[in-house]
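The block underneath contains the structure these notes are about, expressed in structure tokens.
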Amino acid sequence: MKNKKHKRNKDSNFRPRKKSNIKEKFSSEIFEGQILISAKGDGYIRTEKFAEDIKIPTSDLNTALNRDIVQFSISNKKSEGRIKGSVKSIIRRNREQFVGTILNDNGIISFQPDDRKIYKAIFILPNEETKNIKSNQKVLVKIKDWINLQGEVTKVLGEKGDHNTEMESIIYEKGFVPSFPPEVEKEAEIIKKNAKADFEEEMKRRISRPDGPISSWDFRNTTTFTIDPFDAKDFDDALSFKDLGDGTYEVGIHIADVSHYVREGSPIDQEAVKRATSIYLVDRTIPMLPEVLSNDLCSLNPNEDKLAFSAIFILNDKCEVLNRWFGETIINSDKRFNYIEAQEILNKGEGLFYNELNTLNKMALIKRKRRTKNGAISFGGSEVKFKLDEKGFPIEIYEKETLETNELIEDFMLLANREVTEYVNRLGKNKPFVYRIHDKPKPDAIKELTEYLKKIGYSLKTDGNGNVDSQDLNDLLDEIRGTDEEDLIAKVVVRSMAKAIYSTKNIGHYGLAFKFYTHFTSPIRRYPDVMVHRLLKRYLAGEEVSEKEIGRFEELSAISTTQEISAMEAERDSVKYKYAEYMSKLVGEEFEGMITSVVDWGVYVQDQKTKAEGLVSVRTLKDDHYNIDPKNYRIVGERSGKKYTLGDKVKIKLIGVDLEKRTIDFEIVN
């Protein structure tokens, strides 16, 4: 919510228990933390040492920029009730390159960064790239001198406002690079050149083993298919199915064997570590792996023999696991379904592999109900998609439909992820692993959520101390399903939750109600899955992991979490830009909206049809002087007493769009 900062500033000031001087108490200590920069240019650092964020005034930042890791000391002075500090040194820069627009005024070049949290001007050093540079071109600038904040243009991205330029700007701004380094492309081509001979040798090794899984190492004669989005280009996972005739079924969850092709420490692996994830913008995918691997050698394309790393289960008709096996396999997918095609077969009750799809769907439904009963949270909410014209301009916004077949695949992927983790944990405590963990929500966040819900007529049962049972969250989400407030409340509930991260230290997964959970099923697009494959293969071979390696896996887990956040931010920014573009052609039109949040400068309203969200500034409300009442999530007219409250439905008029800031402005139509 937009007004959280206001509430923290007002209600949560840090006060030491004794009236001792904070500077004296910690005068000799230097602390470490990640700094976050506000839009005003002040820094804030959160550490376990203090109950409150440490405020670093702009004058004491010592060149620190947003998300840098810094060393800092604290002062005996306070700022707005907060402990005040100063940055002493920079331990690690979050990034060294920035995207922005060049302004050329008669040969005097200046740089306007896209990142509004850069509080000092970046001076552009002349080089070959600046000789023919023009105003309103977007560029990538690398900092050469941090003290004086001077940088060089390393790449001209293109004209500001151009579709491709803006999408690439978002990618570079979040620290990613669309293309792969030459050494990575070279290695990928070598792998492709040797792929046939390598596959034949590996196939012989896999099918000649004296022992075997539940069925066979070779699944090429077992019914197998993939189900993915219609526009998918890489296929991480496939399902195989066999009716064993006695009320039990063999279900195989086959995952692309990326770790066979991507050797630890190789150029491709090093680049995959840097990226840690694929990025999905509105119009393109920036893959973690070169296309030779992601779309060809590793991808489980139909009617091709492929190497897989598989989780094979014997399940009864209650979808209970009777037996399991994990290992390297060979598969050949019979069919590439998209979600809609597979759903149509289920709906008609006939078609290719109907019996297999129908049985899997029934079992998935059983697992889903059982998981919800055990406390898994069904967050719901909708996802919008854009239809673009040939120039990349959005011409239609539509809601992505979630089908049974989407959930079918999700349920069997969850099964594999959980069972792999439980298997490793049964091996003993000395088996380090990479977990996907999700902590329970903080009591303060739940208390704020309950207050928020009260203002729009909903309640959430808690224990009074800010603790909530997952079943009560599910009851709330069931209550709002199909209502106008569904998207709004679902998003607020998600924001009140802790963020899922990767770690070698397991605390379970609150949202899924799993004691053990990892990511095993998407190694083409997520690096943690590659790490999990490597570890599982080693444990299946009876190998151990050294203490030094444990530290490395923890480091890689932290990198993966950070990159995942950056990728999500890039994806959101691309959506915001396309929303702004789409709405830019509708200035002056009126819409039906709902107030989604109240902030110090007005209210945010979401258009009910397109889900576009924009600001109604208090300055646009001419009929009265309105006072902000964030505690009660409303603004109130001083003379009339007229109120605009969270959740209110209002008619709005689009009065402006800022493509640079990716913002939309409305006014309320009385």
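The values are calculated or read from the model by the stated rules, or taken from the named source; none is laboratory data. Everything quoted here is computed from the prediction, not taken from an experiment. Every residue, glycine as well, gets a Cβ built from its backbone with ideal geometry; the counts of neighbours run over all protein chains shown.
Selection over region 602-627 of residues that are surrounded by fewer than 19 Cβ atoms within 10 Å (Cβ to Cβ) and either at pLDDT 95 or above or assigned to a strand (DSSP E or B) (or both) gives a count of 2. Meeting the requirement of 2 or more residues that are in contact with a Phe, Trp or Tyr (Cβ under 8 Å, 6 or more places away or on another chain) and farther than 24 Å from Ile170 by Cβ, the strands (runs of 3 or more DSSP E) wholly within region 39-114 are 54-56, 69-79, 82-92. Looking at (1) of a type in the set (D, E, K, R); (2) part of a helix (DSSP H, G or I); (3) in contact with an Asp or Glu (Cβ under 9 Å, 6 or more places away or on another chain), which one does Lys274 not meet, given that it meets all the others? The one condition Lys274 does not meet is (3). For region 128-178, enumerate the residues that are out of contact with any strand residue (DSSP E or B) (no Cβ under 7 Å at 6 or more places or on another chain) and closer than 20 Å to Ser566 by Cα. Glu166, Met167, Ile170, Lys174, Gly175, Val177 - these are the residues of region 128-178 that are out of contact with any strand residue (DSSP E or B) (no Cβ under 7 Å at 6 or more places or on another chain) and closer than 20 Å to Ser566 by Cα. Within region 277-292, the only residue that satisfies the criterion of being part of a helix (DSSP H, G or I) and either of a type in the set (Val, Ile, Thr) or touching a strand residue (DSSP E or B) at 6+ places or on another chain (Cβ under 9 Å) (or both) is Val292. For region 326-365, taking the residues that are among the hydrophobic types (A, V, I, L, M, F, W, C), more than 31 Å from the chain's Cα centre (by Cα) and under 21 Å from Thr521 (Cβ atoms), the one that is surrounded by the most Cβ atoms within 10 Å (Cβ to Cβ) is identified as Ile330. Inspection of region 268-282 identifies at least one residue that is among the basic types (Lys, Arg), modelled with pLDDT of 95 or more and under 30 Å from Tyr577 (Cβ atoms). Confirm whether Val494 is outside any helix (DSSP H, G or I), among the aliphatic types (A, V, I, L, M) and surrounded by fewer than 20 Cβ atoms within 10 Å (Cβ to Cβ). No, not satisfied. Of all residues in region 378-435, exactly one satisfies the criterion of being in contact with a His (Cβ under 7 Å, 6 or more places away or on another chain) and closer than 22 Å to Tyr527 by Cβ, namely Asn417. Contact annotation: residue pairs with Cβ atoms under 6 Å, 6 or more positions apart or on different chains, pairing a residue in region 346-363 that is in contact (Cβ under 8 Å) with a residue 24 or more places away in the chain with a partner that is buried (at least 16 other Cβ atoms within 10 Å of the Cβ) and part of a loop (DSSP other than H, G, I, E, B), are Glu356/Thr223; Met363/Cys319. When we screen Gly265, Gly245, Gly252 for residues that are modelled with pLDDT under 95 and small (Gly, Ala, Ser), the only hit is Gly245. Residue count for region 363-386 satisfying the condition of being basic (Lys, Arg) and within 19 Å of Asp228 (Cα to Cα): 1.
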